[in-house]
Amino acid sequence: MIHTIRSTRFNLSISKLVKPHVIRAYATVPPGAPAFQVFDRHVKQMQKDRAAISVESSREVDYIKDEVAARVADRLLDIKRNFSQVVDLGSGCGHIVKHLDPTMVKKLIMCDLSVEIERHVVDEEHLPFKEDSLEAVLSSLSLNWVNDLPGALIQIRKALKPDGVFIGAMFGGDTLFELRTSLQLAETERESGVSPRVSPMTDSSDISRLLTRAGFTLTTVDVDEIQVNYPSAFELMQDLRSMGEKLHGNPDGSIPATFQIIYMIGWKPSPDTPKPKKRGSANASLKDVL
(Lines give C-alpha, C1' and ligand atoms only; values in the text may rest on other atoms or scores of the structure.)
Protein backbone atom coordinates (compact mmCIF):
# COMPACT_ATOMS: atom_id res chain seq x y z
CA MET A 1 0.00 0.00 0.00
CA ILE A 2 1.28 3.49 -0.88
CA HIS A 3 0.43 6.35 1.48
CA THR A 4 0.33 9.84 -0.06
CA ILE A 5 1.45 12.86 1.93
CA ARG A 6 0.56 16.41 0.87
CA SER A 7 3.11 19.17 1.29
CA THR A 8 2.81 22.85 0.41
CA ARG A 9 4.93 22.38 -2.70
CA PHE A 10 4.98 18.77 -3.85
CA ASN A 11 3.21 15.41 -3.64
CA LEU A 12 5.07 12.75 -1.69
CA SER A 13 4.38 9.04 -1.88
CA ILE A 14 5.81 6.70 0.75
CA SER A 15 6.12 2.96 0.41
CA LYS A 16 7.75 0.16 2.37
CA LEU A 17 10.80 -1.41 0.79
CA VAL A 18 12.17 -4.87 1.52
CA LYS A 19 15.70 -5.43 0.23
CA PRO A 20 17.45 -8.75 -0.36
CA HIS A 21 20.16 -9.70 2.08
CA VAL A 22 23.55 -8.48 0.87
CA ILE A 23 26.84 -9.57 2.41
CA ARG A 24 29.41 -6.79 2.64
CA ALA A 25 32.87 -6.68 4.16
CA TYR A 26 34.20 -3.85 6.34
CA ALA A 27 37.64 -2.33 6.11
CA THR A 28 39.50 -2.28 9.41
CA VAL A 29 41.53 0.61 10.79
CA PRO A 30 44.56 -0.08 13.03
CA PRO A 31 44.14 1.12 16.64
CA GLY A 32 45.12 4.76 16.98
CA ALA A 33 45.01 5.42 13.25
CA PRO A 34 42.77 8.31 12.12
CA ALA A 35 39.49 7.38 10.45
CA PHE A 36 39.32 7.88 6.69
CA GLN A 37 37.86 11.35 6.06
CA VAL A 38 35.07 11.05 3.51
CA PHE A 39 33.35 14.29 4.56
CA ASP A 40 34.87 17.66 5.44
CA ARG A 41 33.12 18.47 8.72
CA HIS A 42 34.04 22.16 8.47
CA VAL A 43 32.41 22.40 5.04
CA LYS A 44 29.38 20.55 6.42
CA GLN A 45 29.10 23.09 9.22
CA MET A 46 29.25 25.92 6.66
CA GLN A 47 26.45 24.29 4.67
CA LYS A 48 24.29 23.97 7.78
CA ASP A 49 25.06 27.56 8.81
CA ARG A 50 24.05 28.80 5.35
CA ALA A 51 20.79 26.86 5.50
CA ALA A 52 20.09 28.14 9.04
CA ILE A 53 20.65 31.77 8.01
CA SER A 54 18.31 31.42 5.01
CA VAL A 55 15.30 30.86 7.26
CA GLU A 56 12.57 31.35 4.64
CA SER A 57 14.04 29.01 2.01
CA SER A 58 15.01 26.43 4.65
CA ARG A 59 11.47 26.25 6.04
CA GLU A 60 10.07 25.73 2.52
CA VAL A 61 12.03 22.47 2.18
CA ASP A 62 11.36 21.08 5.66
CA TYR A 63 8.74 18.67 4.30
CA ILE A 64 11.13 15.68 4.15
CA LYS A 65 12.89 16.39 7.43
CA ASP A 66 9.58 16.98 9.22
CA GLU A 67 8.09 13.76 7.83
CA VAL A 68 11.12 11.65 8.85
CA ALA A 69 11.28 13.35 12.27
CA ALA A 70 7.61 12.52 12.86
CA ARG A 71 8.32 8.85 12.16
CA VAL A 72 11.33 8.89 14.52
CA ALA A 73 9.19 10.50 17.23
CA ASP A 74 6.47 7.88 16.66
CA ARG A 75 8.98 5.14 17.40
CA LEU A 76 9.86 6.80 20.71
CA LEU A 77 6.18 7.24 21.58
CA ASP A 78 5.68 3.50 21.02
CA ILE A 79 7.90 2.87 24.05
CA LYS A 80 5.58 2.90 27.04
CA ARG A 81 7.74 4.77 29.51
CA ASN A 82 8.51 8.35 30.56
CA PHE A 83 11.92 9.87 29.88
CA SER A 84 13.51 12.50 32.09
CA GLN A 85 16.27 13.44 29.60
CA VAL A 86 16.46 12.79 25.86
CA VAL A 87 19.07 14.04 23.36
CA ASP A 88 18.11 15.09 19.82
CA LEU A 89 21.38 14.70 17.92
CA GLY A 90 21.42 16.90 14.80
CA SER A 91 18.20 18.68 15.73
CA GLY A 92 18.30 21.37 13.07
CA CYS A 93 15.52 23.91 13.67
CA GLY A 94 13.67 21.42 15.88
CA HIS A 95 11.99 18.87 13.64
CA ILE A 96 11.55 16.16 16.28
CA VAL A 97 10.37 18.36 19.16
CA LYS A 98 7.25 19.27 17.16
CA HIS A 99 6.03 15.68 17.37
CA LEU A 100 6.96 14.68 20.95
CA ASP A 101 4.48 14.31 23.78
CA PRO A 102 5.62 16.79 26.49
CA THR A 103 4.11 14.60 29.20
CA MET A 104 6.37 11.74 28.10
CA VAL A 105 9.69 13.61 27.75
CA LYS A 106 10.59 15.90 30.68
CA LYS A 107 13.70 17.43 29.09
CA LEU A 108 14.90 17.41 25.46
CA ILE A 109 18.49 18.48 24.76
CA MET A 110 18.70 19.70 21.15
CA CYS A 111 22.17 19.47 19.61
CA ASP A 112 23.42 20.54 16.19
CA LEU A 113 26.72 21.16 14.41
CA SER A 114 25.61 24.59 13.14
CA VAL A 115 26.58 27.57 15.30
CA GLU A 116 23.74 29.56 13.71
CA ILE A 117 21.13 27.42 15.49
CA GLU A 118 20.43 28.35 19.10
CA ARG A 119 21.01 24.90 20.49
CA HIS A 120 23.92 23.02 22.06
CA VAL A 121 26.72 23.06 19.47
CA VAL A 122 27.74 19.40 19.23
CA ASP A 123 29.73 17.53 16.58
CA GLU A 124 28.25 14.06 16.05
CA GLU A 125 31.78 12.66 15.81
CA HIS A 126 32.75 13.97 19.28
CA LEU A 127 29.90 13.66 21.77
CA PRO A 128 30.36 15.54 25.07
CA PHE A 129 27.95 13.44 27.15
CA LYS A 130 29.08 11.48 30.17
CA GLU A 131 28.93 7.71 30.14
CA ASP A 132 25.65 6.19 31.38
CA SER A 133 23.96 9.61 31.52
CA LEU A 134 21.13 9.54 28.94
CA GLU A 135 17.90 7.58 28.76
CA ALA A 136 17.38 8.02 25.02
CA VAL A 137 19.17 9.47 22.00
CA LEU A 138 17.30 10.45 18.84
CA SER A 139 18.88 11.33 15.51
CA SER A 140 16.97 12.26 12.35
CA LEU A 141 18.98 12.60 9.11
CA SER A 142 22.18 13.84 10.76
CA LEU A 143 24.50 10.80 10.83
CA ASN A 144 24.91 10.58 7.03
CA TRP A 145 27.83 13.00 7.09
CA VAL A 146 29.79 11.34 9.91
CA ASN A 147 33.17 9.96 8.83
CA ASP A 148 33.43 7.34 11.59
CA LEU A 149 29.87 6.00 11.86
CA PRO A 150 30.85 2.94 13.95
CA GLY A 151 32.67 5.24 16.35
CA ALA A 152 29.69 7.60 16.60
CA LEU A 153 27.35 4.70 17.38
CA ILE A 154 29.73 3.44 20.06
CA GLN A 155 29.80 6.91 21.64
CA ILE A 156 25.99 6.99 21.63
CA ARG A 157 25.82 3.55 23.25
CA LYS A 158 28.32 4.57 25.95
CA ALA A 159 26.36 7.77 26.72
CA LEU A 160 23.15 5.80 27.25
CA LYS A 161 22.16 4.40 30.60
CA PRO A 162 21.66 0.62 30.78
CA ASP A 163 18.42 -0.22 28.97
CA GLY A 164 18.60 3.18 27.22
CA VAL A 165 17.43 3.39 23.62
CA PHE A 166 18.84 4.91 20.44
CA ILE A 167 16.39 5.72 17.63
CA GLY A 168 17.77 7.11 14.39
CA ALA A 169 17.06 7.70 10.72
CA MET A 170 19.52 8.06 7.84
CA PHE A 171 19.37 8.42 4.10
CA GLY A 172 19.85 5.01 2.48
CA GLY A 173 22.02 4.00 -0.45
CA ASP A 174 19.22 4.29 -3.03
CA THR A 175 18.57 7.94 -2.22
CA LEU A 176 18.45 10.17 -5.33
CA PHE A 177 19.18 7.22 -7.63
CA GLU A 178 17.34 9.01 -10.47
CA LEU A 179 19.62 12.03 -10.17
CA ARG A 180 22.77 9.90 -9.90
CA THR A 181 21.81 7.80 -12.92
CA SER A 182 21.05 10.87 -15.02
CA LEU A 183 24.33 12.55 -14.08
CA GLN A 184 26.31 9.38 -14.79
CA LEU A 185 24.69 8.91 -18.21
CA ALA A 186 25.28 12.55 -19.16
CA GLU A 187 28.87 12.57 -17.93
CA THR A 188 29.67 9.25 -19.62
CA GLU A 189 28.36 10.61 -22.91
CA ARG A 190 30.30 13.88 -22.70
CA GLU A 191 33.37 13.03 -20.62
CA SER A 192 33.77 9.26 -21.22
CA GLY A 193 33.80 8.73 -17.46
CA VAL A 194 31.97 9.54 -14.24
CA SER A 195 32.73 11.49 -11.09
CA PRO A 196 31.00 11.13 -7.69
CA ARG A 197 28.25 13.78 -7.59
CA VAL A 198 26.24 12.47 -4.62
CA SER A 199 27.71 11.65 -1.23
CA PRO A 200 28.16 7.93 -0.45
CA MET A 201 25.42 6.43 1.70
CA THR A 202 25.02 3.21 3.64
CA ASP A 203 22.79 0.18 3.14
CA SER A 204 20.16 -1.20 5.51
CA SER A 205 22.05 -4.47 5.98
CA ASP A 206 25.17 -2.48 6.89
CA ILE A 207 23.25 -0.55 9.55
CA SER A 208 22.06 -3.75 11.23
CA ARG A 209 25.63 -5.03 11.51
CA LEU A 210 26.98 -1.65 12.64
CA LEU A 211 24.46 -1.47 15.50
CA THR A 212 25.48 -4.94 16.66
CA ARG A 213 29.15 -4.07 16.28
CA ALA A 214 28.63 -0.93 18.41
CA GLY A 215 27.25 -3.07 21.23
CA PHE A 216 23.50 -2.49 20.84
CA THR A 217 21.02 -5.28 21.43
CA LEU A 218 17.41 -5.91 20.32
CA THR A 219 18.19 -4.01 17.12
CA THR A 220 15.49 -3.17 14.58
CA VAL A 221 16.05 -1.78 11.07
CA ASP A 222 13.37 -0.92 8.51
CA VAL A 223 13.28 1.10 5.29
CA ASP A 224 10.83 3.59 3.79
CA GLU A 225 10.90 5.47 0.51
CA ILE A 226 9.69 9.02 -0.03
CA GLN A 227 9.32 10.09 -3.66
CA VAL A 228 8.97 13.77 -4.54
CA ASN A 229 8.13 15.01 -8.03
CA TYR A 230 9.90 18.25 -8.94
CA PRO A 231 9.04 20.50 -11.92
CA SER A 232 12.65 20.17 -13.13
CA ALA A 233 16.16 19.33 -11.95
CA PHE A 234 16.75 22.99 -11.06
CA GLU A 235 14.11 22.93 -8.30
CA LEU A 236 15.60 19.67 -7.01
CA MET A 237 19.09 21.21 -6.84
CA GLN A 238 17.76 24.34 -5.12
CA ASP A 239 15.88 22.32 -2.49
CA LEU A 240 18.95 20.18 -1.74
CA ARG A 241 20.97 23.37 -1.27
CA SER A 242 18.32 24.87 1.03
CA MET A 243 18.26 21.65 3.09
CA GLY A 244 21.99 22.05 3.69
CA GLU A 245 22.72 18.82 1.82
CA LYS A 246 25.15 18.18 -0.56
CA LEU A 247 17.15 12.03 -14.74
CA HIS A 248 14.83 10.10 -15.27
CA GLY A 249 11.71 12.13 -16.19
CA ASN A 250 8.02 11.49 -15.65
CA PRO A 251 5.62 11.50 -18.61
CA ASP A 252 4.39 14.95 -17.51
CA GLY A 253 7.93 16.33 -17.66
CA SER A 254 8.52 16.46 -13.90
CA ILE A 255 11.64 15.05 -12.24
CA PRO A 256 11.20 12.35 -9.56
CA ALA A 257 13.57 12.19 -6.60
CA THR A 258 13.47 9.16 -4.31
CA PHE A 259 14.69 9.52 -0.74
CA GLN A 260 15.34 6.14 0.88
CA ILE A 261 15.11 6.40 4.67
CA ILE A 262 16.65 3.78 6.97
CA TYR A 263 15.16 3.74 10.49
CA MET A 264 17.07 2.02 13.27
CA ILE A 265 16.50 1.17 16.93
CA GLY A 266 19.07 -0.22 19.34
CA TRP A 267 19.08 -0.77 23.10
CA LYS A 268 22.01 -0.62 25.48
CA PRO A 269 22.33 -3.99 27.23
CA SER A 270 21.34 -4.24 30.88
CA PRO A 271 20.57 -7.07 33.33
CA ASP A 272 16.87 -6.45 32.63
CA THR A 273 17.23 -6.78 28.85
CA PRO A 274 14.96 -9.58 27.58
CA LYS A 275 16.93 -12.61 26.44
CA PRO A 276 15.91 -14.88 23.55
CA LYS A 277 14.57 -18.28 24.53
CA LYS A 278 16.68 -21.34 23.87
CA ARG A 279 16.08 -23.12 20.60
CA GLY A 280 13.41 -25.79 20.98
CA SER A 281 11.90 -24.29 24.14
CA ALA A 282 8.68 -23.12 22.44
CA ASN A 283 5.45 -24.85 23.51
CA ALA A 284 3.38 -23.72 20.49
CA SER A 285 3.98 -24.09 16.76
CA LEU A 286 3.98 -21.02 14.53
CA LYS A 287 2.42 -23.22 11.86
CA ASP A 288 -0.63 -23.68 14.06
CA VAL A 289 -0.97 -19.93 14.64
CA LEU A 290 -0.74 -19.07 10.96
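The values are calculated or read from the model by the stated rules, or taken from the named source; none is laboratory data. In this text the structure is predicted, and so the values were computed from the model without any measurement. Every residue, glycine as well, gets a Cβ built from its backbone with ideal geometry; the counts of neighbours run over all protein chains shown. Ligands, DNA and RNA are excluded from the accessible area calculation, which covers all protein heavy atoms including side chains. Shrake-Rupley method; radii C 1.70, N 1.55, O 1.52, S 1.80 Å.
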Neighbours of His99 by Cβ distance under 15 Å: Lys/Arg at +1, Asp/Glu at -1, summed charge -3
If Lys and Arg each add +1 and Asp and Glu each add -1, what is the summed charge of the other residues whose beta carbon sits under 12 Å from the beta carbon of Ala70? -1
Pairwise label distance in nanometres, Leu290 with Lys275, each label 7 Å out on the Cα-Cβ vector: 2.9
Computed over the range 62-180, Cα set: Rg, Dmax in Å: 14.0, 44
Suppose each label sits 7 Å from its Cα in the direction of the beta carbon; what would the Met104-Arg81 distance come out to in nanometres? 1.4
Amide H within-cut-off set for Phe259, under 5 Å, with H built and near neighbours excluded: Leu176, Ile226, Gln227, Val228
Karplus-derived 3J(HN,Hα) from phi for the range 85-101 (6.51 cos²θ - 1.76 cosθ + 1.60, θ = phi - 60°), whole Hz, x at Gly and Pro, runs 8, 10, 9, 9, 8, x, 6, x, 7, x, 6, 6, 4, 5, 10, 8, 8
Grab the other residues whose beta carbon is less than 11 angstrom from that of Val165, score K and R as +1, D and E as -1, and report the net. +2
Using a 1.4 Å probe and counting only protein heavy atoms, arrange Ile64, Ile265 so the residue with the most accessible area comes first. Ile265, Ile64
Of Lys65/Lys275; Lys65/Lys268; Lys98/Lys275; Lys130/Lys268; Lys106/Lys161; Lys158/Lys277, which sit over 24 Å apart, Cα to Cα? Lys65/Lys275; Lys65/Lys268; Lys98/Lys275; Lys158/Lys277
Mind grabbing the accessible area of Glu131 for me, 1.4 Å probe, Å², rounded to tens? 130
Counting only protein heavy atoms, what percent of the accessible surface of the range 60-168 is carbon or sulfur at a 1.4 Å probe? 47
